[in-house]
Amino acid sequence: MAKELSAADGLAVARGTDSYEGLVARQLSNIPSIEAVFVYEDDDGLVHVYSVVPDFSFDLYKKLHSRERKIEKEFPEATLDFHVRAHQGRKADQAVPIEARAVFVR
């Protein structure tokens, strides 16, 4: 499904309500410290979800965990593996595998 990016409150959010990508973008974009979210589906069908943040934070993990569980419940047909990557001053896309595609960028 092709993604259409739209600006909402200064955010570029992937639209696509029929896909796990749209759900992931909507759920994770509500956490202020997440600057970008990328997804990558490997050859085995496992979907890797990368939340890109400036630096790691314990408070972030508490917020992320509940959102990730909600995503898994709302889209049980997808096998998801969640990751947090700190960009540490780099561009967000340099903190994730090259094959990953952006579904949300601030």
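Taken together, the values in this text are just the output of simple stated rules run on the coordinates, not laboratory data. Every value quoted in this text rests on a predicted model; they were computed, and no experiment measured them. We place every Cβ from the backbone using ideal geometry, glycine too, and count neighbours over all the protein chains shown.
Consider the stretch 74-106. How many of its residues are in a helix (DSSP H, G or I), in contact with a strand residue (DSSP E or B) (Cβ under 6 Å, 6 or more places away or on another chain) and surrounded by fewer than 17 Cβ atoms within 10 Å (Cβ to Cβ)? Result for the stretch 74-106: 0. Within the stretch 33-58, residues that are assigned to a loop (DSSP other than H, G, I, E, B) sit with their Cβ atoms under 6 Å from residues that are of a type in the set (S, T, N, Q), at 6+ positions apart or across chains, in these pairs: ILE34/SER51.
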